[in-house]
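**Student:** There's a structure below that I have some questions on.
None of the figures in this text is laboratory data; all of them are computed from the coordinates on show. Since the structure is predicted, the reported quantities are computational estimates derived from the model, not experimental observations. Cβ placement follows ideal geometry from the backbone for every residue including glycine, while neighbour counts extend to all protein chains displayed.
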Amino acid sequence: MDNIKTAEILSVGYELLLGDIVNTDAAFLCRRLASLGISVSRQHTVGDDSADLVDALHSALRRAPLVIMSGGLGPTFDDLTKETVAAAFCRKMYLDEPSLEKITRYFAARGTEMTQNNVKQAMMPEGAVIFENDYGTAPALAIEGNIDGVEGERIVIMLPGPPRELEPIFNERVMPYLAAKTGEIMVSSNINILGMGESAVEEILRELMQSSKNPTIAPYCGHGEVRLRVTARAENESKARGLCDEMIAKIKQTAVAPYIYDIDSPSIEDTAVRRLRERGMTVGCAESCTGGLVAKRLTDIAGCSDVFMGGCVTYSNESKIKLLGVDPDTLAKYGAVSEPVAAQMARGVRERLGTDVGISTTGIAGPGGGTPEKPVGTVWIAISTTEGEKTRLLRLSSMRERSYLRTLAANEAIAQIFNIK
């Protein structure tokens, strides 16, 4: 079957329904299918119940030519995915000797005994395409054929549930299999926007978003930022990428442009670390209201030790004085949440750590502690270089919860790195 355009995802396991495990498999599969030009029309999650699984599978097969299933390939009695799919295609199960041999070697290489129930993972529906699993014991597989009462050929792909197995198997084995069955490629780019809300972005770009069918443009609201996804279809990746690039160039000519901080960046901190590295600069941070969140996010970036030298969480006035050299008289006169204190904090951490850049945050994250002059959501951030200090006042909504206010403050603090010349 060629030119597959749509698919449904069927995730199997009570652990997903109970919320014990977050279903990251579905998000991964949606992204990878989109890159092949296959749109996901529905996602379903069912427990390890035979009747529920049969009903969900047959419903999906009536609607979509391709169904991707994750989970239910294990060795226990309640792992029913293969048996259910085999019955839908009227296929018998058989013992696949190469799969059994590979499973046996897997256990032997780890010096553990293979229990008899693991043989179940080598049982396959007749005619299945088997994708070897180099990361666990359960092979992935695909079945192609016709279903009684359903017009047209159908494909079901069955994948192991653990992401550490599913993701590499899909990338290495299943992607080439599906690529041969699609007529177009879909490519997406994300425009990273900070400092402008989703509604404002949509208002500026509404006409362009409505008139452009290929590429399409869609805004997504993140944690204090907006991602504008541009998605194009074409017969090959190069042409699709070119369509995306043309649209990005148009968007950069609109009023959104000043708020674009990057293209296809995974995070604000990733962009900040990369720009520091490009400039050969180092940074340190002094935090009060963000409680170490700036440092945490910068150090989330692997290999950041060449640019991030360290930080201080100076929550009390005494720690600001002792660790950063903030002037006691300045604290007494203006208070901890003030422009001059933020500036002294940034300069103090830069000088003490010997970095090129110092960043600071001081504010009132709530829910208490605010005053009429300095309500909850008041945050001062500062950046210090050898050329001096620059400060910025944030007046964040006091209606937001404490953790969200801290996230917004950290976003803006890290984003100050973007403006370093």
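**Student:** For Lys181, Lys92, which order do you get if you count the other beta carbons within 10 Å of each Cβ and list the fewest first?
**Tutor:** So the residues, fewest neighbours to most, are Lys92, Lys181.
**Student:** Which of Gly292, Gly310, Gly368 ends up with the largest GNM mean-square fluctuation for the chain, with Cα atoms connected below 10 Å?
**Tutor:** Answer for the Gaussian network model of the chain: Gly368.
**Student:** Continuing with the same structure: Which of the lysines could a cross-linker bridge to Lys374, judged by Cα under 24 Å and excluding same-chain residues fewer than eight apart?
**Tutor:** Reachable lysines: Lys320, Lys333, Lys390.
**Student:** Can you tell me which of Ser403, Ser11, Ser267 moves the most in a GNM of the chain? Springs connect C-alpha atoms under 10 Å apart.
**Tutor:** Ser403
**Student:** Moving on. Using r as the Cβ-Cβ distance of Asp300 and Met175, and R0 as 41 Å, what FRET efficiency do you calculate, to the nearest 0.05?
**Tutor:** 0.90
**Student:** Run the simple label-point estimate for Val129 and Cys90 please: 7 Å along Cα→C-beta, distance reported in nm.
**Tutor:** Placing both labels 7 Å beyond Cα along the Cβ direction yields 2.3 nm.
**Student:** Please list, ordered by chain and number, the residues whose modelled amide H lies under 5 Å from the amide H of Arg229; skip anything fewer than 5 residues away on the same chain.
**Tutor:** Counting only residues 5 or more places away or on other chains, the set is Ile191, Ala218, Tyr220.
**Student:** Continuing with the same structure: Among [x] 33.1, 99; [y] 27.1, 83; [z] 20.8, 66, which one is Rg and Dmax of the Cα atoms in Å computed from these coordinates?
**Tutor:** Answer by label: [y].
**Student:** Rounded to the nearest Å, what's the spacing between the alpha carbon centres of the range 287-358 and the range 44-108? Just the number, please.
**Tutor:** Between the Cα centres of the range 287-358 and the range 44-108 lies a distance of 55 Å.
**Student:** Rounded, prolate or oblate: which fits the range 268-419, taking a ≥ b ≥ c as square roots of the Cα gyration tensor eigenvalues, rounded meaning a/c under 1.5, else prolate when a/b beats b/c?
**Tutor:** oblate
**Student:** If you don't mind, another one. Enumerate the amide H contacts of Thr6 below 5 Å, restricted to partners 5 or more residues apart or on another chain; note that Pro and chain-start residues carry no placed amide H.
**Tutor:** Distant-sequence amide H within range of Thr6: Ser39.
**Student:** Does the range 64-190 come out rounded, prolate or oblate, given a ≥ b ≥ c as the square roots of the eigenvalues of its C-alpha gyration tensor, rounded meaning a/c under 1.5 and, failing that, prolate meaning a/b above b/c?
**Tutor:** Here the range 64-190 falls in the oblate category.
**Student:** Among 356-364, 33-41, what's the highest-first ranking by average C-beta atoms within 10 angstrom per residue?
**Tutor:** Ranking, from highest mean packing down: 356-364, 33-41.
**Student:** Given the rule -39500 (n - 2.57) for each run of at least 4 DSSP H residues, summed and divided by the residues of the chain, what is its mean residue ellipticity at 222 nm, to the nearest 500 deg cm²/dmol?
**Tutor:** -11000 deg cm²/dmol
**Student:** Rounded to the nearest 0.05, what FRET efficiency is calculated for Lys421 and Ala27 with R0 set to 45 Å and r the Cβ-Cβ distance?
**Tutor:** Efficiency for this residue pair is about 0.75.
**Student:** Under a straight-distance cross-link criterion of Cα-Cα below 23 Å, which lysines are reachable from Lys239, leaving out those fewer than 8 residues away in the same chain?
**Tutor:** Partners found: Lys5, Lys181, Lys213, Lys250, Lys252.
**Student:** Between Arg241 and His223, what is 0.36 nm times their sequence separation minus the Cα-Cα distance? Round to one decimal in nm.
**Tutor:** Answer, rounded to one decimal: 3.8 nm.
**Student:** In addition: Report ³J(HN,Hα) in whole Hz for each residue of the range 237-243, in order, from the Karplus equation J = 6.51 cos²θ - 1.76 cosθ + 1.60 where θ = phi - 60°; Gly and Pro get x.
**Tutor:** 5, 4, 5, 5, 5, x, 5
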